[in-house]
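The values are calculated or read from the model by the stated rules, or taken from the named source; none is laboratory data. The shown structure was predicted, so the numbers you read here are calculated from the model rather than taken from an experiment. Positions of Cβ are generated from backbone atoms using ideal geometry, with glycine treated the same way; all protein chains shown enter the neighbour counts. SASA here: full protein model, heavy atoms, side chains in, ligands and nucleic acids out. Shrake-Rupley method; radii C 1.70, N 1.55, O 1.52, S 1.80 Å.
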Amino acid sequence: MTQSSTPESSQPGVGRRALPSFDLKLYGPFLALAALVVLGTLANPVFLSPGNIANVLTRTAFTGIIAIGATFVITAGAIDLSVGSLAALAAGVSIMTMNALSPELGTGVAVVVAGVLVAVLLSVAAGTFNGLLVTKGRIEAFIVTLGTMGIFRSLVTYLADGGTLSLASPIRTTYRPVYYGGLFGISYPIIAFAAVALVGALILYRTRFGRYCAAIGSNEEVARYSSIRVDRIKTLAFALQGLCVGIAVMIYVPRLGSASATTGLLWELEAIAAVIIGGTMLKGGYGRIWGTVVGAVMLALIDNILNLTGAVSVYLNGAIQGTIIIVAVLLQRSGAARR
Amino acid sequence: MKMKLGFAAALLAGIALAPLGASAQQKVRMGVSIPAATHGWAGGLNWHAQQAEKQLEKQYPNLDIRIATAKDAAGQANDLEDLVSVHNIDALVILPFESAPLTDPVREVKNKGKFVTVVDRGLTDPSIQNVYVAGNNPQMGKVSAQYMKQKLNNKGNIVVLRGIPTVIDNQRVDAFMEEIKGTDIKVLGMQYANWNRDDGFKVMQDFLARFPKIDAVWAQDDDIALGVIEAVKQAGREKELFIIGGAGMKDMIKRVMDRDVLVPADVLYPPGMIADAMQITAKHLIEKTPVQKEYVIEATLVTPENASKYYYPDSPF
């Protein structure tokens with residue numbers, strides 16, 4: 001492992017000398033991803049098999065979609081810690097709704113649509129609630145979402161009686177293809193992930209809302225004096241985060257057909273890590289959607305590679321994950337600073 | 001929540017009424033300290049504890065049970081202090097989060113003259129407890145290995161999904177490995193799946209990508225096993241292998257009962273052991289029945305023949 005990482009880490013330096021205007025902040029995440037792919041292939045050739053790549057991208061979709069929402073919130077200088085718990089709650093409520101409605105709506109598409117609607121509406125409402133508490137309530141986003149994180153998670157524990165909420169199996173049969181099926185050999189979660197990323201990039205780079213998010217994150221007071229409606233934009237960013245959670249839940253539920261107190265555990269940290277690895281500033285003012293996508297894929301790849309190799313003691317998994325994350329960010333930041 | 005409020009109210013009423021007719025029927029207070037329902041098995045634990053609370057309070061009208069759930073070892077130590085000083089318990093039933101950190105807090109309770117029943121995980125100083133209702137983690141690993149040996153004819157390639165790095169997980173895995181020693185059963189890979197369905201799914205997907213031929217999976221836990229089942233189905237490799245979970249979750253027991261070829265058996269590690277411990281303690285407190293020093297909960301092998309005995313459709317676990 002050390003052997004392969006040495007030539008990789010020197011690569012950005014080489015690139016900078018050859019191309020003086022090479023923007024490491026922009027391309028750093030992609031270089032780190034390439035390095036990780038090489039590492040994975042060296043660890044086990046199976047890594048590059050279409051089946052494995054499809055598995056990894058499909059499972060990245062949940063945290064990836066959530067992380068795209070988080071990119072907006074973080075760019076606007078806030079943070080949302082409640083996304084993992086919200087995903088669990090939305091999944092739980094969605095499952096309960098579908099089970100409860102099946103006597104009237106049957107077990108076909110109608111009941112699934114109802115379940116998805118409930119999940120999305122609940123998530124958007126919860127995101128808006130977070131946003132309003134931050135803007136109208138004038139409370140730090142960290143505290144607001146730390147609070148709602150606890151509230152959402154204990155609500156799902158309460159609803160599930162401490163156990164697991166499971167989707168009735170005929171409904172599951174209807175819903176199952178949303179995770180396991182696909183178009184032209186590409187699974188629906190990957191398609192959804194790509195679509196959300198595309199729309200996210202358009203909104204962040206091409207709309208006034210996207211620019212306002214960056215302006216607020218960079219300096220809220222200046223943004224206010226520039227007659228940007230700061231409260232409204234921030235609340236919208238949180239609502240958008242909620243929507244992303246809703247979409248993630250929509251494709252999460254058909255995978256295992258269940259939700260419990262452990263659903264979505266630590267997703268908030270994974271999403272935030274993906275955003276930061278991707279080059280977005282944690283303090284706000286600068287956001288990168290495609291970087292976030294790469295960050296999310298990298299996090300999933302690290303897990304995958306560790307599972308594909310028996311070379312490292314499983315006790316050290318966390319240490320290796322941590323090291324790779326820090327090195328990836330160090331690589332782009334130190335390059336960007338020197339420039 | 002509602003139940004807890006009702007309970008607090010009942011407790012207040014009890015305290016208020018105590019001076020009036022106390023001597024005729026002395027209230028006996030029992031504190032129960034358990035981990036919060038943060039994963040499936042603990043959810044089952046909480047459900048069984050609440051069922052036992054209802055049943056025992058009905059059976060013994062002068063018995064008051066207070067259940068405290070904690071998120072970690074430190075929180076549980078705080079709970080013990082509250083149970084003694086605020087709720088003034090006469091006896092404690094505790095399922096410790098971890099053995100070492102809770103040994104001294106439980107010793108404090110004991111030194112105040114309370115009756116102590118320890119469940120599942122033992123304390124590092126066994127002289128503290130009056131009664132020990134022991135779960136048997138090494139035996140769980142051993143029984144799983146024995147079944148696997150027999151089913152595989154001592155030969156085959158298996159993968160192991162572990163829980164969360166803890167003493168419990170180590171005991172199970174060590175006993176399992178000890179039991180398959182000397183056979184031709186080869187452990188191809190071993191990874192943590194954190195007693196979690198999603199992680200079980202992910203780890204198994206990767207194992208399936210990595211190993212072209214797997215004869216059996218030891219998932220050690222029913223939540224992990226359910227994730228494993230989905231991954232195996234997705235890969236279309238149901239015919240190739242079988243899965244052994246553990247704990248006794250109703251979904252898994254149902255599969256065993258229905259003779260699912262993918263899940264031919266399950267090994268019990270019943271969360272209901274907390275109810276047994278509460279019962280033993282309550283009976284001793286009120287009827288003054290003598291108690292044994294130790295009760296061992298067996299890690300029973302569940303097969304289609306005996307599965308219906310262990311099926312609790314109403315439990316959330």
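Worth a mention:
- In segment A:65-96, the residues that are in a helix (DSSP H, G or I) and open to solvent by 30 Å² or more (accessible area, probe 1.4 Å): A:VAL93, A:MET96
- Members of segment B:224-257 that are more than 8 Å from chain A (Cβ to nearest Cβ), under 27 Å from the mean Cα position of the chain (by Cα) and among the charged types (D, E, K, R): B:LYS250, B:LYS254, B:ARG255
- Any pair with Cβ under 8 angstrom, 6 or more apart, that starts in segment A:298-322 at a residue that is more than 11 Å from chain B (Cβ to nearest Cβ) and ends at one that is open to solvent by less than 40 Å² (accessible area, probe 1.4 Å) and not in a helix (DSSP H, G or I): A:ILE320/A:VAL312
- Some residue of segment B:243-258 being over 28 Å from A:ALA311 (Cα atoms), of a type in the set (D, E, K, R) and in a loop (DSSP other than H, G, I, E, B): yes
- Any hit, segment A:128-139, residues being on the phi > 0 side of the Ramachandran plot and surrounded by fewer than 18 Cβ atoms within 10 Å (Cβ to Cβ): yes
- Residues satisfying the criterion are present in segment B:235-243 (criterion: β-branched (Val, Ile, Thr) and within 25 Å of B:GLY40 (Cα to Cα)).
- Restricting attention to segment B:178-223, the residues being more than 8 Å from every other protein chain (Cβ to nearest Cβ), within 27 Å of B:ASN153 (Cβ to Cβ), in a helix (DSSP H, G or I) and not β-branched (Val, Ile, Thr) number 6.
- Checklist (1) without any contact (Cβ under 8 Å) to a residue 24 or more places away in the chain; (2) within 12 Å of the chain's Cα centre (by Cα) applied to A:GLN241, failing item: (1)
- Selection within segment B:123-156 - within 19 Å of B:LEU45 (Cα to Cα) and open to solvent by 20 Å² or more (accessible area, probe 1.4 Å): B:TYR132, B:ASN136
- Here A:ALA261 meets each of (1) surrounded by fewer than 24 Cβ atoms within 10 Å (Cβ to Cβ); (2) modelled with pLDDT under 90 with one exception, condition (1).
- Odd one out for B:VAL159 among (1) open to solvent by less than 20 Å² (accessible area, probe 1.4 Å); (2) within 14 Å of chain A (Cβ to nearest Cβ); (3) part of a loop (DSSP other than H, G, I, E, B): (3)
- So A:LEU269, is it assigned to a helix (DSSP H, G or I) and of a type outside the set (Val, Ile, Thr): yes
- Candidates B:LYS233, B:LYS309 - the one that is closer than 23 Å to B:GLY43 by Cβ, basic (Lys, Arg) and open to solvent by 10 Å² or more (accessible area, probe 1.4 Å): B:LYS309
- Test for B:ALA275: is it part of a loop (DSSP other than H, G, I, E, B), surrounded by 15 or more Cβ atoms within 10 Å (Cβ to Cβ), at pLDDT 85 or above and small (Gly, Ala, Ser): no
- Sub-6 Å Cβ pairs linking a first residue in segment A:31-60 that is free of Cβ contacts under 8 Å to residues at least 24 places away in the same chain and among the aliphatic types (A, V, I, L, M) to a second residue that is open to solvent by 30 Å² or more (accessible area, probe 1.4 Å) and assigned to a helix (DSSP H, G or I), at least 6 apart or interchain, are A:LEU48/A:THR41, ordered by first then second residue.
- Restricting attention to segment B:34-66 and to residues that are in contact with a Ser or Thr (Cβ under 8 Å, 6 or more places away or on another chain) and outside any helix (DSSP H, G or I), the residue that is nearest to the other protein chains (Cβ to nearest Cβ) turns out to be B:ALA37.
- Qualifying helices (runs of 4 or more DSSP H) (wholly inside segment A:116-212; at least 1 residues being within 14 Å of chain B (Cβ to nearest Cβ) and hydrophobic (A, V, I, L, M, F, W, C)): A:141-159, A:177-180
- When A:VAL222, A:VAL178, A:VAL199 are checked against the criterion of being among the β-branched types (Val, Ile, Thr), under 22 Å from A:THR60 (Cβ atoms), in contact with a helix residue (DSSP H, G or I) (Cβ under 9 Å, 6 or more places away or on another chain) and free of Cβ contacts under 8 Å to residues at least 40 places away in the same chain, A:VAL199 stands alone in meeting it.
- Search result, residues across segment A:36-65 that are facing chain B (nearest Cβ under 9 Å), closer than 21 Å to A:TRP267 by Cα and over 13 Å from the mean Cα position of the chain (by Cα): A:ASN55, A:VAL56
- Among residues that are under 28 Å from A:ASN55 (Cα atoms), of a type in the set (Phe, Trp, Tyr), more than 26 Å from the chain's Cα centre (by Cα) and surrounded by 15 or more Cβ atoms within 10 Å (Cβ to Cβ), B:PHE207 is included.
- Single residue of A:GLY246, A:GLY278 found to be modelled with pLDDT of 95 or more and of a type outside the set (Phe, Trp, Tyr): A:GLY246
- Filtered residue count, segment B:278-305, keeping only those that are among the acidic types (Asp, Glu), without any contact (Cβ under 8 Å) to a residue 40 or more places away in the chain and either part of a strand (DSSP E or B) or within 25 Å of B:ILE94 (Cβ to Cβ) (or both): 1
- Matching residues in segment B:48-84 - criterion: being more than 19 Å from the chain's Cα centre (by Cα) and aliphatic (A, V, I, L, M): B:LEU56, B:LEU63, B:ILE65, B:ALA74, B:ALA77, B:LEU80, B:LEU83, B:VAL84
- Within segment B:55-102, the set of residues being closer than 21 Å to B:PRO126 by Cβ and among the aromatic types (Phe, Trp, Tyr) comprises B:PHE97 only.
- Any chance B:THR38 is within 15 Å of the chain's Cα centre (by Cα), at pLDDT below 90 and of a type in the set (Ser, Thr, Tyr): yes
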